[in-house]
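None of the figures in this text is laboratory data; all of them are computed from the coordinates on show. This is a predicted model, so every value here is computed, not measured. As a convention, Cβ positions derive from the backbone with ideal geometry for all residues, glycine included, and neighbour counts pool all protein chains shown.
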Amino acid sequence: MSNADRNTGDKAGEALSNLLREERRFAPPPALAADANVKADAYDRAEADRLGFWAEQARRLDWAVEPQETLDWSTPPFAKWFADGKLNVAYNCVDRHVEAGHGDRVAIHFEGEPGDTRTLTYADLKREVSKAANALTSLGVEAGDRVAIYLPMIPEAVISMLACARIGAPHSVVFGGFSADAVSSRVTDNDARIVITADGGYRRGKPSALKPAIDEALTSCPDVRNVLVVRRTGGDVAWTEGRDIWWHDLVDAQSEEHEPQPFDAEHPLFILYTSGTTGKPKGILHTSGGYLTQASYTHHAVFDLKPETDVYWCTADIGWVTGHSYITYGPLSNGATQVMYEGTPDTPHQGRWWEIVAKYGVTILYTAPTAIRTCMKWGDDIPAKFDLSSLRILGSVGEPINPEAWIWYREHIGAGKTPIVDTWWQTETGAIMISPLPGVTSTKPGSAQRALPGISAKVVDDTATEVGNGGGGYLVLDQPWPSMLRTIWGDDQRFKDTYWSRFEDLYFAGDGAKKDDDGDIWLLGRVDDVMLVSGHNISTTEVESALVSHPKVAESAVVGATDATTGQAIVAFVILRGSASESAELVAELREHVGKVLGPIAKPKRILPVAELPKTRSGKIMRRLLRDVAENRTLGDVTTLTDSSVMDLISSQLPSAP
Ligand code: 6R9
């Protein structure tokens, strides 16, 4: 995204439009297009009557009281969708499928990391969710009370979320890899009185304890009454009598009957914290009817789910919004059969994911660019050993996907034929906003392309003026959408300041974007990550994509470090591919390569080969920490890193700055 780009006389800007010169196009397979759940007419219908379109999508759900009112936008930015309707979210995700005669359909094929498996049909899920709902009620949980969930990727994670939804108790899932501090700050912020956790889970071939983090966190959360503990690993746990309760003691003793009560469409469903780059984590609040409408519709439209025949697998963790919307609420509201995997992709071998795809006949796979690039690094021969012919749609989420990784995904995982849906959205948007439709869109490697039917996204400049085709600027949403966040928990002012103050009446997503000549959207990463080099705005994403397009580079992360002459200087951290070895010649070659692809202005000043990059649990590179390294500062907050030792590794590998 760049001012320079908009200035057509600017050579650097022209060179930086390289990404937009990606000319490969992939039309949908004809059979898929012919049978697609959503066809091109959906765009026109939604365009003609956006609210009518969403009212129609709301009818995908079973309402106890059908809504008459679609949107109340009388006090922006506080939206109410379907406000006079009433529904029970868990009923929509479970019971109604059983009532429709699909009780025997598999809801979850669970694959534990050690190789243990469990199959839950929709009838099983209904029993488990009902028992868990009764258990929570027996602990005094009432509608509106918050429940914190800190679990590994096991079925109880989904069961707990649905049990909370069933009794109207908003859940707050905290990623199982987060520290005790992260748990206590979240529990304190939303005043949860009950925590659901496990003794541990399996990661990288061994049990990894969870309960100790809860015990530590709760020393500063005196109001938590009970901790419900799932036994997963069988490891020893410290026990606080009167507070801690085994799940199998309490839940298994409950009745399998539970009558779901309807709640208002605007009843809070969950709070999920996003860390952002600065400040304390924001508790993003989502409510029931609008959220479920859009999670359900987008899952149906973007993944073209056919519940009778598809086997769907989203590799995200439940602690990320992707796990909420595309493991729990979207797929289950649509009656999907899905795979849930507990562990890491390389345990016990680097082909584990592909083995799982072959074993369950997965037809739809949804994962993140970071995982795709990791698989690329491990080598083409690994997926080649497995039968992946069941796959028919591949999805990507979390970061811009480099064209290089996109093509690899299609070729090596999708046999050169599956559509790829690159889905842009955020914790705050609740559900997918910009994405190709697999039966409609001719896809372009690296572009999320177009707002979904019913969604309006624009790219604007500093003055909120929409840019033309070929222009770049800020991504904004100029119309409310059903699954939009309702506020930041307990802080309406921060909600307004963070998202609605940069531009009047527009939701500012914080991402930079460009429009190509067809008007398709290309995401360029967080605007905080845009570099200003000698007066030119250069996006980290573009320089990273240029580096990854070199055959010897597997992954890269680019930051702008303060520089006396140029304002900011481009510093690139690169992970080399298997056989490439580090040398001054290679670094020079990479600089030249970037110069050739993007133009001399984008040549990194320094290129530092490293073994690992610091990432969040959802696979986003923490450029803030790399900036600290590049500018020789002490590191900021590392609590949301997947592996906090990587920063020590990187620091120890680097020569000090010149
Ligand atoms: C779902 C999720 C949101 C931020 C978002 C953007 C980045 C997500 C993307 C993408 C380019 C995509 N992002 N999907 N960037 N292309 N397909 O990731 O939510 O964790 O809240 O992150 O992720 O920068 O603003 P969340």
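The amide H of N226, built 1.01 Å from its N in the peptide plane, has V195 as neighbours under 5 Å, considering only residues 5 or more places off or on other chains. The fewest-to-most ranking of D145, D529 by surrounding Cβ atoms within 10 Å reads D145, D529. Converting phi to 3J(HN,Hα) with the Karplus coefficients 6.51, -1.76 and 1.60 and the offset θ = phi - 60°, segment 597-612 yields 6, 10, x, x, 4, 8, 5, x, 6, 10, 10, 10, x, 9, 8, 9 Hz in sequence order, with x at every glycine or proline.
Residues W500, W424, W247, W81, arranged from fewest to most other Cβ atoms within 10 angstrom of their Cβ, appear as W500, W247, W424, W81. Between A265, A431, C93, whose Cα lies farthest towards the positive end of the dipole of the chain when Lys and Arg beta carbons carry +1 and Asp and Glu beta carbons carry -1, centred on the Cα centre? Farthest along the dipole direction, towards plus: A431. Straight-line cross-link partners of K39 among the aspartates and glutamates, defined as a Cα under 13 Å from its Cα and at least 8 positions apart when in the same chain: D304. The mean sequence separation of alpha-carbon pairs under 8 Å and at least six residues apart, normalised by the residue count of the chain, gives a relative contact order of 14 percent. What the phi angles of segment 483-493 give under the Karplus curve with 6.51, -1.76 and 1.60, with θ = phi - 60°, is a coupling list of 9, 5, 4, 8, 5, 8, 3, x, 8, 4, 5 Hz, glycine and proline written as x. Only Cα pairs under 8 Å and 6+ residues apart enter the sum, and on that basis the relative contact order of segment 534-653 stands at 22 percent. Assuming charge only on the beta carbon of Lys and Arg (+1) and of Asp and Glu (-1), the dipole of segment 37-183 about its Cα centre is about 180 debye to the nearest 20.
For Y273, list long-range residues whose amide hydrogen, built 1.01 Å from N in the peptide plane, is under 5 Å from its own amide hydrogen. Amide H to amide H, under 5 Å and 5 or more residues apart or across chains, Y273 pairs with I284. Backbone geometry of segment 407-416 corresponds, through the Karplus equation with coefficients 6.51, -1.76 and 1.60 at θ = phi - 60°, to 3J(HN,Hα) couplings of 5, 4, 4, 5, 6, 8, 9, x, 6, x Hz, x marking Gly and Pro. Dipole check for segment 534-653: with +1 at the C-beta of Lys and Arg, -1 at the C-beta of Asp and Glu, and the Cα centre as origin, the magnitude is about 220 Debye. Which pairs break 26 Å Cα to Cα here: K131/K211; K359/K444; K377/K444? Too far apart for the 26 Å limit: K359/K444. Neighbours of A358 by Cβ distance under 13 Å: Lys/Arg scored +1, Asp/Glu scored -1, total 0. In this structure, the amide hydrogen of M340, modeled 1.01 Å from its nitrogen in the peptide plane, lies closer than 5 angstrom to those of H109, F110, E111, counting only residues at least 5 positions away or on a different chain. Size of segment 534-653 from its Cα atoms: along the principal axes, largest to smallest, the extents are 38, 36, 25 Å. Dipole check for the chain: with +1 at the C-beta of Lys and Arg, -1 at the C-beta of Asp and Glu, and the Cα centre as origin, the magnitude is about 1040 Debye. Shown here: the chain, whose C-alpha atoms stretch 69, 58, 52 Å along the first, second and third principal axes, sorted largest to smallest.
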